[in-house]
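To keep things clear, I will list the structure first and then write my remarks on it.
The values are calculated or read from the model by the stated rules, or taken from the named source; none is laboratory data. In this text the structure is predicted, and so the values were computed from the model without any measurement. Please note: Cβ atoms are built from the backbone with ideal geometry, for glycine as well, and neighbour counts cover all protein chains shown.
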Amino acid sequence: MRVYAGIDLHSSNSYIGIINEADKRLFGKRLSNDLDTVLMALDPFKDVMEGVVIESTYNWYWLVDGLQDNGYPVRLANPSAIKQYEGMKHTDDKSDAFWLANMLRLNILPEGYIYPKEQRMVRDLLRRRLLFVKNRTALILSFQGMVSRHLGNKISVSAINKLKNDEIEVLFSSSVLSFTAKKLVAGIRFLNETVKEMEKEVLCQVKLKREFAVLQTIPGIGNILGMTIMLEVGDIGRFPKVGDYSSYCRCVESKRISNNKKKGENNRKNGNKYLGWAYVEAANYAKRFCPEAQRFYQRKMAHKNIAVATKSLANKLARASYYMLRDQQSFNKNMLFR
C-alpha cells in the first residue's frame, strides 16, 4: 500500500490529511504547529509514505526542514496554481489538505522549489537588506521633498550624505525644520552603515559561484546584484526554457488573450519579486554605462514610457542571463542588441 499526505499549514496549527492509492481517507486531524506532534501523527505511515505535500506559505521552513531531516519525501506546492473547482459550495482546511494529497497521488501537483537549507539564510539576509535600502530611499526622498518644498532647490544624494548638523541649521531657518532634517539625515546615515554591514556579512558567508561569475560581465551587475541573482535562482537547470526564466523574474506581461483581444490580466505577482528588482536595477545601470543598452532604451521610450522601457531592458538582460548561465558564456552586447 502507498499513502500520500497533504498538510494545510497555518500560523499556529495545521490540518493533516492522509489518503491511500485508492483515494481512501486514512487519517485527518488538526494539530498544533509542533514538529514532534506532526512526526508522531505521520510515523505509522512512514514506511509506505510516497510523499508529504506542504503549501508554500510564509512559514514553511521549519516544517519542510524537519520532515526532510527525518527522512520524509517532501513536496512544496505552488499555492497560486492549485485552485480547487470554483463551483464547489464548501471548502475548508480539511478539504484543502486532502486535495493536496490527491494531486500528488494523481501526479498533477504544481510544485514549488525547495531552496537548499545551507544557503537559505544568506538569501534571506540579502532580502532583508533590500528592506533597509527601501527605507533609506524613502528617507532620502522625504528630505529632498522638504528641501524642494521649503527652499525651492534640489539636493543630490551625495550632498545629503555630506551634510553636517551645523550646515543643516544654516540651510533651514526654522528650528522645527532643522530638527526634522537632522533626524532624517541621521536615519539615512544609520541605514547606510547597516546596509554596508549586511553586504559585508553576505560576502563573508558566501562567494559568487563560478557558474554565476559570468553575470558580472553584464554592465550594471556587480557583487551584490550578482549574489542576489545567484541566491534567488539556485539551479538554472530548473527552468526548461528562457521564457520560463524571464517569467519567473517578472519581466513579461501578464495578460489574458481571447480571439486575439486582451480580456484582462492574470496574476502579475506570479514569480520572484527579488529577481524582478535585481534586473530592473541592472537595467538602470546598463542604460547609463552601455551605449547599446541606452539606444535600445531610447527606442522603447519613443513609443512607450519610462517604466515600460526600463522593464523591456530588464527583460532583455534576464533573457541574456539565462543563456549565459546555461552555456557559461560571457556577455556579448553585439549579440544582444544587434
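Report, ordered by the first and then the second residue, all pairs with beta carbons closer than 7 Å, sequence separation of six or more or different chains, a first member in the stretch 160-188 that is outside any helix (DSSP H, G or I), and a second member that is surrounded by 12 or more Cβ atoms within 10 Å (Cβ to Cβ) and among the hydrophobic types (A, V, I, L, M, F, W, C).
The qualifying pairs are L163/V185; F172/A181.
Taking the stretch 220-237 as the search range and keeping residues that are at pLDDT 90 or above and farther than 22 Å from N332 by Cα, which one is surrounded by the fewest Cβ atoms within 10 Å (Cβ to Cβ)?
The selected residue is E232.
Quick grid of which residues meet (1) touching a helix residue (DSSP H, G or I) at 6+ places or on another chain (Cβ under 8 Å); (2) in contact (Cβ under 8 Å) with a residue 12 or more places away in the chain; (3) surrounded by 15 or more Cβ atoms within 10 Å (Cβ to Cβ):
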residue: V3; (1), (2), (3): yes, yes, yes
residue: S12; (1), (2), (3): no, yes, no
residue: N20; (1), (2), (3): no, yes, yes
residue: K29; (1), (2), (3): yes, yes, no
residue: A41; (1), (2), (3): no, yes, yes
residue: Y58; (1), (2), (3): no, no, no
residue: D69; (1), (2), (3): no, no, no
residue: R75; (1), (2), (3): yes, yes, yes
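Go through the stretch 170-190 and count every residue that is within 17 Å of S156 (Cα to Cα) and either within 37 Å of the chain's Cα centre (by Cα) or not assigned by TED's automatic domain parsing to the domain that holds A159 (or both).
Count: 8.
Looking at the stretch 149-184 only, could you name the residues that are exposed (fewer than 15 other Cβ atoms within 10 Å of the Cβ), of a type outside the set (A, V, I, L, M) and under 16 Å from L139 (Cα atoms)?
R149, K154, S156, S158, N161, K162, F179, K183
Mind listing just one residue for me: the one in the stretch 308-335 that is outside any helix (DSSP H, G or I) and surrounded by fewer than 16 Cβ atoms within 10 Å (Cβ to Cβ) and, of those, modelled with the lowest pLDDT?
Here is the first cut: in the stretch 308-335, the ones outside any helix (DSSP H, G or I) are 328-332.
This time we only want the ones that are surrounded by fewer than 16 Cβ atoms within 10 Å (Cβ to Cβ), so: 328-330, 332.
Details: Q328: 91, Q329: 89, S330: 90, N332: 86.
Here the answer is N332.
Just the residues that are over 32 Å from the mean Cα position of the chain (by Cα) and not hydrophobic (A, V, I, L, M, F, W, C), please, taken from the stretch 14-73.
N20, E21, D23, K24, R25, G28, K29, D43, P44, K46, D47
For (1) basic (K, R); (2) within 17 Å of E281 (Cβ to Cβ), each residue gets a yes or a no:
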position: E201; (1), (2): no, no
position: K209; (1), (2): yes, no
position: Q216; (1), (2): no, yes
position: G220; (1), (2): no, yes
position: N223; (1), (2): no, yes
position: T228; (1), (2): no, yes
position: D235; (1), (2): no, no
position: K241; (1), (2): yes, no
position: C249; (1), (2): no, yes
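Against the condition in the same structural domain as N13 (by TED's automatic domain parsing), touching a strand residue (DSSP E or B) at 6+ places or on another chain (Cβ under 9 Å) and hydroxyl-bearing (S, T, Y), how does S95 come out, does it pass?
Criteria met by S95.
Report yes if T57 is β-branched (V, I, T), outside the structural domain of G271 (by TED's automatic domain parsing) and farther than 20 Å from E111 by Cβ, otherwise no.
Considered against the rule, which asks whether it is β-branched (V, I, T), outside the structural domain of G271 (by TED's automatic domain parsing) and farther than 20 Å from E111 by Cβ, T57 comes out as no.
I'm trying to understand the selection: among the residues of the stretch 125-141, which are closer than 11 Å to M198 by Cβ and of a type outside the set (K, R)?
Result: L125, L126, L130, L131, F132, V133.
Taking strands (runs of 3 or more DSSP E) that fall entirely within the stretch 24-114, which contain at least 1 residues that are within 16 Å of S11 (Cα to Cα)?
25-32, 49-55
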